[in-house]
Amino acid sequence: MMKRFLGILAFALFVPTACCLVDEDLSGCPDEYAIDYEMRLITNVQTEINTVIGLEADLYIANALREHLKDIFSDYAHDVDLSFYDYYEPRPVLQHFTDIIDANQTSYTLHLPVHEYMHLAVANIADNHLVDLDDEQMCGTSRLRQEAPPANNVIESHNTGLFTARLPMKILEGVDQNFLVQLYMANCATALVIDKSDAPDFEGLSAFTTGFADSFSIADSTYTFNANPLVRAERLDVEEGNLDCYVTVQFPSREPEPESKVVIETTDPFIAPNADEALWEWQGYVTMPDGSITQTRLGLLRPLRAGQLKIIRAHIGTDGSLIPDDYTVAASVQLNWNDAGTHIIDL
């Protein structure tokens, strides 16, 4: 385990500036406390790829998908953002610290005054192009906030796997203490695999997803759904074959309403009942040779959760529609979509 000794992480509100100098009387100084940080990646990525794209003929698409997602679904953290709050309301931040760790675990030796804290930790936020750590001055408002969508309501995917943790810390006087902070993933991904074997002639295909959260409250681990942008899917480079693969990375979807839930006892965090209506969807836009565009909306009844990958397979019909292989995926098709009204989506 990597050891990073910060010396004194001074809380200006509590720690006298000269209290830890050598040969000084240390009776009024805070003791040392060890905090271990560990990335905990709970995911179904390999199982989903092996199950849905398990055929030898589909090896190229499986390899491309694994390569694309290897830095998203990874327990390797580039950076950490650590905040220590007063445990009691209004719970202001008492100390904020950032570091580059480039590891899946790290430890710090801190000098903390006797106090009750609520500690919030975030990993991989520094290089994320779409999500910021926002309102971190107070514990209850600290959140991962996705940038507001532009006028065309289209955003790009998250480019890092985001991890967070929360831990109450009661520092006791004269007691050696060790704290373990386990960070868990806060975003997820989905892929649309399209079989072009029997597809008609078409000029182009664009894909998007929608129906996902736009922020995450770190203190209470809840998602909010204030905006509902389209997430532009990235088409992967596949060496060979008749399959195309489109991928988006984003926050999770909504969960089914309580009245639609049934009791499921399982150790698998990604098993869930169907909702009464679609919780999130893929949208495909196929441009035909005559310039018309066929829109297909594929609605998913099961939630997409943090740490999860969901793969949908489909093929292209004669009219340019996307026909899902999974009968539980609801498909809605609109022919001549581009003639049905004013659209500002840049396909």
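The values are calculated or read from the model by the stated rules, or taken from the named source; none is laboratory data. Fair warning: this is a prediction, and the values are worked out from it, not measured in the lab. So basically every Cβ, Gly included, is an ideal-geometry build from the backbone, and we count neighbours across all protein chains shown. Each accessible area value is taken on the protein alone, full model and side chains, heavy atoms only, with ligands, DNA and RNA left out. Shrake-Rupley method; radii C 1.70, N 1.55, O 1.52, S 1.80 Å.
Here LEU347 sits with roughly 70 square angstrom of accessible surface, probe radius 1.4 Å.
Taking a sphere under 11 Å around the Cβ of GLY291 and counting the other residues whose Cβ falls inside, with K and R at +1 and D and E at -1, yields a net charge of -3. Taking label points 7 Å from Cα along the Cα-to-Cβ direction, GLU116 and ASP346 give a separation of 5.2 nm. Estimated at the nearest 10 Å², the accessible area of PHE225 is 50 Å² with a 1.4 Å probe. Just to be sure I understand, if you calculate Cα Rg over 2.2 N^0.38 Å for this structure, which of (i) 1.18; (ii) 1.02; (iii) 2.51 do you get? Recomputing Cα Rg over 2.2 N^0.38 Å here picks out (i). Around GLU116, with a cut-off of 10 angstrom between Cβ atoms, what is the net charge of the other residues, counting Lys and Arg +1 and Asp and Glu -1? Taking every other residue near GLU116 into account, the sum is 0. Spin-label pair ILE100-ASP198: with each label point 7 Å from Cα along the Cα-Cβ axis, the two points sit 5.4 nm from one another. In plain terms, the chain is cut at each of the GluC sites (Glu not before Pro) found in a DSSP loop with at most 13 other Cβ atoms within 10 Å, and the longest leftover piece is 25-172.
Protein-only accessible surface at a 1.4 angstrom probe places the residues ASP339, ASP195 in the order ASP339, ASP195, largest first.
As I understand it, the value is the acute angle between the Cα axis of helix 59-69 and the longest principal axis of the Cα atoms of the chain; what does it come to in degrees, rounded to 10? Result, in degrees: 40. Highest mean packing first, where packing is the average number of other Cβ atoms within 10 Å per residue, the peptides 74-87, 321-334 line up as 74-87, 321-334. Pairs of Lys residues in the chain are counted when their Cα atoms are under 29 angstrom apart and they lie 8 or more places apart or on different chains; the count is 6.
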